[in-house]
Amino acid sequence: MKRVLDFVWPAIGFLAVVASVWLLYREFRGQQIGPEVWRALKAIPPSRYALAVASTLLAYAALAWYDRIALRHLGVTHISWFFISLCSFTTYALAHNIGASVFSGGMVRYRAYHSKGLTAAQVAVLVAICSLTFGLGTMLMGGLVLVFEPHQLARFRGVLPDALTTPATAFTVGVVLLVLVAIYMIGSIFGFKPVIIRGFRLEYPKPGIAIRQLLAAPLELIGAAGIIYFALPTVGNPGFFVVLAVFIASFSAALASNAPGGLGVFELLFIKAMPATPQAEVLTALLVFRLFYLIIPLLFSLVIVVLFERNKLKEVLHHEERHPAAAPVETRAMADRRPQADVS
């Protein structure tokens with residue numbers, strides 16, 4: 001069954017990309033998007049680009065905090081902030097673009113943190129805590145948006161089933177999400193029993209850890225949404241709260257689609273949810289988001305991976321150079337112990 005799922009999920013992601021790209025093509029068919037997008041990119045003031053860069057740094061700093069929180073939960077304190085930041089940056093830059101973030105993120109983290117003495121089980125818990133942190137933040141921010149602005153979900157009418165886009169349904173979903181977050185906090189405060197899934201044991205963190213989780217994840221979402229907000233024009237900009245609400249819904253759906261980088265899925269939902277803003281300007285803002293949040297970090301992460309692996313290779317070669325005679329000495333010792341023939 002597991003072998004089948006290994007092929008099913010990539011296939012679903014591929015189909016999601018194909019379907020979304022086709023829908024985007026149908027949406028923009030007959031329009032001269034290229035020149036219009038280029039004009040919109042040049043029309044963004046340098047100050048807004050600078051704010052988009054600052055939002056990107058905030059998002060990736062919050063992601064590094066994910067790892068720091070998970071390591072604190074494990075009781076690991078000997079790893080520097082610098083190493084954690086590089087590891088987290090590389091992990092998410094690769095996972096956001098490749099997809100299958102749990103798998104790809106787990107591999108990168110294991111390679112990095114194993115070099116610092118962590119076991120495979122510890123890295124597995126770290127990955128689970130980081131994923132849980134993002135999930136908690138998404139539920140918290142999404143719940144608050146749906147409770148205080150339940151009509152925002154109506155922006156996805158025609159994309160989502162009508163039953164899910166009514167204010168009453170949106171409010172109910174928001175309350176459920178906030179209740180789940182509250183249960184998690186109560187479990188942390190009162191020390192509920194660990195959650196065990198197929199032998200994998202995940203304990204409720206201490207309240208201090210849980211509070212940090214509820215701070216880090218919203219910061220990451222705010223930073224990521226800020227990139228799009230600052231890339232949108234001031235005229236016709238619906239406001240940060242609306243951009244944040246649409247971003248959470250679109251980004252979550254893109255992750256659920258398993259499409260690499262949410263390609264096509266994210267853009268389609270975001271454009272559909274912003275009917276009052278010119279489509280070319282929304283597409284421009286999404287291109288800036290992909291450039292700052294996905295593509296540039298991916299390029300830097302590849303350099304980091306190459307440098308890390310080169311240093312590990314140097315360590316291996318240096319170790320072999322320092323102990324080249326270990327095997328021959330052992331061979332000679334075994335030869336000395338063999339009974340010698342009597343030649344007399």
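The values are calculated or read from the model by the stated rules, or taken from the named source; none is laboratory data. In this text, all values refer to a predicted model and were calculated from it rather than measured experimentally. Glycine also receives a Cβ, built like all others from the backbone with ideal geometry; neighbour counts cover every protein chain displayed.
Observations on the structure shown:
- Of the helices (runs of 4 or more DSSP H) lying entirely inside the stretch 1-114, those containing at least 2 residues that are surrounded by 14 or more Cβ atoms within 10 Å (Cβ to Cβ) and modelled with pLDDT under 85 are 2-28, 33-43, 81-98, 101-114.
- When the stretch 136-193 is filtered for residues that are among the acidic types (D, E) and modelled with pLDDT under 85, only D162 remains.
- When each of I84, I79 is tested for being under 19 Å from A217 (Cα atoms) and of a type outside the set (G, A, S), the lone residue that passes is I84.
- Every condition in (1) farther than 30 Å from V246 by Cβ; (2) surrounded by 10 or more Cβ atoms within 10 Å (Cβ to Cβ); (3) modelled with pLDDT under 80 holds for V265 except the one numbered (1).
- Of the residues contained in the stretch 283-292, one or more are found to be in contact with a Ser or Thr (Cβ under 7 Å, 6 or more places away or on another chain) and either at pLDDT below 85 or assigned to a helix (DSSP H, G or I) (or both).
- Residues in the stretch 78-97 that are among the hydrophobic types (A, V, I, L, M, F, W, C) and without any contact (Cβ under 8 Å) to a residue 60 or more places away in the chain: I79, W81, F82, F83, I84, C87, A95.
- Pick from the stretch 194-214, criterion in contact with a Pro (Cβ under 8 Å, 6 or more places away or on another chain) and either among the aromatic types (F, W, Y) or at pLDDT 90 or above (or both), ranking: surrounded by the most Cβ atoms within 10 Å (Cβ to Cβ): Q213
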